[in-house]
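Data first, discussion second: the structure below is written as structure tokens.
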Amino acid sequence: MVMSEREVSINVPVELPTEVKSLFLPIPKNMVEEVYRSDEYLVLIGPAHPGSGHMRIILRLKGDYIVEAIPDPGYVHRAVEKLAETRLFVHNIPLVERPTIAESSIMDHGYVRAIEELGQLDVPPRAQYLRVIMDELSRIGDHLYDTGILAVFLGHSTGYMWGFGLREFIVDALARMTGARITVSFVIPSGVRWDVHPDTLRYIYNMTFFIEKKIDELGTIFTKNPVTVSRMKSVGVLTKDECIRFGAVGPFLRACGVEYDNRKVRPYAVYDQLEWEVPVADEGDAYSRFLVRVEEIRQSLNIIRQAVKNIPEGPVIGSKLMARVPPKERERVAKDIRNYLFRLLIGLTLPEGEATTLTEAARGTLLYSLVSDGKSNVPYRLRMITPSWYNLRPFMESLKGYRLMDLPAIYGSWGYFPPEADR
Amino acid sequence: MGDTGVNTLKITLKSIGIDIKLLPDSWASWGTKFSIWPAHLVTACCGVEFAHTSAPGYDAERWGFLPIFGPRQTNAIVIEGTVTRKMAKVVKVAYEQMPYPKFVIAMGSCAMEGGVFWNSYHVVRVSDIVPVDAWVMGCPPTPEAVIRAIRMVQDKIEGKEVKPNIRPSQFDLTKLKPDKPQRPPNPPHRIEFELIKDINVCKPMPNVKWELGQKLVDGFKSTLGNGVKNAVVRNVNDLCITLDSAGRLREAVESAFKLGFDHVKSINVIDLINAGVFRMEYVLGSYMNKELMPVLLTIYFDVPRDEAKVPSIIDLYPGADYQERELYDLFGVWFEGNPWMGSNFLLDPDTPVKYPLRKEYRIPSLKGVVVER
Ligand code: SF4
């Protein structure tokens, strides 16, 4: 049967729906109109979605291919930078760790290093080693956390159980060291709060072997699971050049083939005295972003073992601070600053100037710029840029050109953590 | 809202005013009690401990507590920490979408009074948004505490008295020997921003020797000519260049880009309110040039506060885009050339203040005395 073709025009109303205003879409009105008139459409992902913390992504789709992705962050913007200007230098330690609570020790470490740099405070070697042990524990914890969330995104609840089940050991180790499961606030200017008992260190040492074994098992269950591989391989690809241009950091930058790790490039604490490698991948896809972090867990375990073996004896509070403790108390305070914490640190006023520190947090570069005016005992300005905030732009770029159903895999692979990004 | 399990599982025939129960009360409450399914609504960092509650370590599913994604299939919300102004709308929408009977557990000190963020301009209290059935304290609360709150909600469903199921150990404070009076430590908060005219951010450290840095500094001085007010090696791997105006930024950034500084680490604004200027700070770094990898190049210049206009650099460094938009949001610095200027990014449209990070906007501060015991 032959049908004659003819053009039919259907009258589609192109007035914008009224919801566009009430949804507070942070995109220009003419873009909505343009999409409305063409054969594309807008899809809003979030704010409530299965990720950790909330953000909205506004997708412009053609068919089911993503043409453009516009982020709408700020659902967890809690004004850390402003609040820091009303608190003492030491009071800010619990504040700056809140944005990335799963790796609180690293957040403290970066901030405290800025204080130490401005105030020229010294840190004894034992405290440096303890900081490294805590940082690496946090890093492992955070990568396991991201593994769990990635598994949730992929609908693989066993992966979630494994990630968080293993994290329980990390949390336990932190609790034994510091008394707090998650928010440790253990790193203070010029040292750490108290010395850690050798038994605890031995426990941590033994635990690393257990975790290593379990990471291998996790490999068969989740990491190398054919479903995981086929959903994540070759999606969300960014080339090396794009990664740099859009400013990816940390493991996500290394997954594009750039060998940059702040612990190697601008070494702090005792990272230059330990032997470890920087895992790098060349593919730049979602799967390599995940694999690099799994490999990093092994490296961190390695670092912890070395640090526990090599840790020197000695005080954990620096000599400049100790000089202000009465001599008969010094021996005790050098091992445990309790009772003297406020007396020594509350009046801490830093000389005028600015210190910028780069720290390698689990998800990448963590930058603090601390400006002190020389008179106040609160920061004049604290600039804090967290890895997820750097990674937001490359994350959006990596969505473009892929299909809507790839979004969960790509989102999970970036380990994007909104509380961290919004601060 | 006192609508708990039992009395909502019924149909009311309005015309004759008879309630028809779908299930006997005891069955209904028993069923509801062991199927508290919370919506997945991680409002902030307490979500980490919430995730542990459902993970193998604590396994709250033993009490029938199982997180589910969409609010339409759930009957509980656990508010996991801080609720920001932007999130408050979402919480409200999610709550309204849930079918009855529904319960709210507010988790963390942030949800009660703001916790660490009590004086933030972007944080609201949960009790102002949705009715709360159980509170969990802590920052973050431990999974055990969350489970206790679940037990409290279960008691509420059964119509029992809702009370904490652990009793804190008590002792009589009046019998304590009074401590010897404590001297408060030296002045807790000394905020003297009013006195600050200028901050010397470019102070070089004493005796720094770094040849590459000196070479770079000389290079910048010669290419930018009199546009450079001051160029010094601040520390090893740390250069600091001060330009005389915002107009020179493009030139400086372009020459840095040619040298191999291929990404922006930070854009920052320091508000020098008494001098009437914003001090802009650009920190550049390099990934591709091995020699420059550890180097931080910091560029400073001042722009007047009342007419803060700065050329955008997103054509060279697309990665700086979101930082520029953020600083517009927080300080109101206009980056000329960035197409998104003038729209909110991080902040909620209803935030009571515009440009909250400017110094003239003061938030309450804990200036009280901290007494040590
Ligand atoms: S109570 Fe503490 S852990 Fe919970 S959201 Fe607030 S700051 Fe984060």
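In table form, for the structure just shown:
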item: Set of region A:176-200 residues, backbone N closer than 18 Å to the point 7 Å along the Cα-Cβ line of A:Lys320; result: A:187-193
item: Cα shape, region A:19-72, gyration tensor, a/c 1.5 rule; result: oblate
item: Chain A: relative contact order as a whole-number percent, Cα under 8 Å and 6+ apart; result: 24
item: Value at 222 nm in deg cm²/dmol, rounded to 500, when DSSP H runs of n ≥ 4 in chain A each add -39,500 (n - 2.57); result: -14000 deg cm²/dmol
item: Number of Lys pairs (Cα under 17 Å; 8 or more positions apart or on different chains) in region A:80-422; result: 7
item: Cut-off under 5 Å, modelled amide H: who pairs with B:Asp238 long-range; result: B:Leu296
item: For the protein assembly as shown, Cys with no neighbouring Cys Cβ under 4.7 Å; result: B:Cys45, B:Cys46, B:Cys110, B:Cys139
item: Prolate/oblate/rounded label for chain B (Cα gyration tensor, a/c 1.5); result: prolate
item: Amide H within-cut-off set for B:Ile77, under 5 Å, with H built and near neighbours excluded; result: B:Ala39, B:Phe103, B:Val104, B:Ile105
item: Those lysines that a straight Cα-Cα span of less than 22 Å connects to B:Lys102, excepting residues fewer than 8 apart in one chain; result: B:Lys10, B:Lys21, B:Lys33, B:Lys89, B:Lys92, B:Lys156, B:Lys160, B:Lys163
item: Cut-off under 5 Å, modelled amide H: who pairs with A:Arg56 long-range; result: A:Asp72
item: Relative contact order (percent, whole number), region B:267-352, Cα cutoff 8 Å, 6+ residue spacing; result: 22
item: In region B:195-336, lysine pairs with alpha-carbon atoms under 16 angstrom apart (chain gap of 8 or more, or interchain); result: 5
item: Span-like helix ranges in chain A, DSSP H, alpha carbon extent 27 angstrom or more, Kyte mean at least -1.0; result: A:125-153, A:157-178, A:198-218, A:286-310
item: Length-normalised contact order for chain B - Cα pairs under 8 Å, 6+ apart - percent; result: 12
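A short reminder: the numbers here are calculations on the coordinates, not readings from a lab. Since this is a predicted model, take the numbers as computed values, not measurements. Glycine gets a Cβ as well: all are built from the backbone with ideal geometry, and neighbour counts include every protein chain shown.
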